[in-house]
Structures are given as structure tokens and as C-alpha cells.
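Engineer: Encoded as C-alpha cells, here's the structure I'll be asking about.
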């Protein structure tokens, strides 16, 4: 029962980690699209490059921060995968060297009188 509780809890954490990673990726994509539209709109409007430059800088800062957050989540994901190996009930137990089992060699039996 305890093992199932640990596994369920760990699965919920893993699911949430993936959801956060996906959210960051979506936000990165949206910010990049915003940045592109902002630049395109300025060009279409024919206004000077200085117009709205401060806003563009802030969008770039937000984008850079999300890139850093993405790296942080990648590091957290790796740390959680490592931590999993030390949690009873989540560790993977293996025997041998990880190679496929050798094919059995059946000894030839001979009748001896």
C-alpha cells in the first residue's frame, strides 16, 4: 500500500513537471510571436525605430527570463530523476550487467553402459 502511495505521488510530481515544462515552452513560443508581430507592426505603421523600443526591450527581458526558467526546469527534472534513485519504492532494481540472457546450451546426453 505504501509503495503504491509513493508511486502515485511521484507520478503526480512527474506529471506536474511535464505540465510546467510544456507551459514554459508555450509561453516562449507566444513571446517570440509577440516580438515578431511587434516588429512587423512598427514597420507597417512606418513609425521610427525608437517608438516602442522600451516595450520591445521588456519583451526581450521576459523572453530571456523564460529561457532561464526553461533551463532551470531542465535541471530540476534531472535532479528529480537522480533523487528518484534514492527513494525506496521508486528505485529500479536490476541484476547482472544489463545484457540479454545468453541462449541456453542444452548438454547432449549420452547413454553409457
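Read-outs throughout are calculated quantities, based only on the coordinates presented, and are distinct from any laboratory measurement. Keep in mind that what you see is a predicted model, and the values were worked out from it rather than measured.
Engineer: If you average the alpha carbon positions of the stretch 30-51 and of the stretch 65-90, how far apart do those two centres end up, in angstrom?
Structural biologist: So the separation of the two Cα centres works out to 36 Å.
Engineer: Now, a different point. Restricting to Cα atoms and excluding each atom paired with itself, what does the Kirkwood estimate give for the stretch 2-84 in Å?
Structural biologist: Values: mean 1/r = 0.0655 Å⁻¹.
About 15.3 Å for the stretch 2-84.
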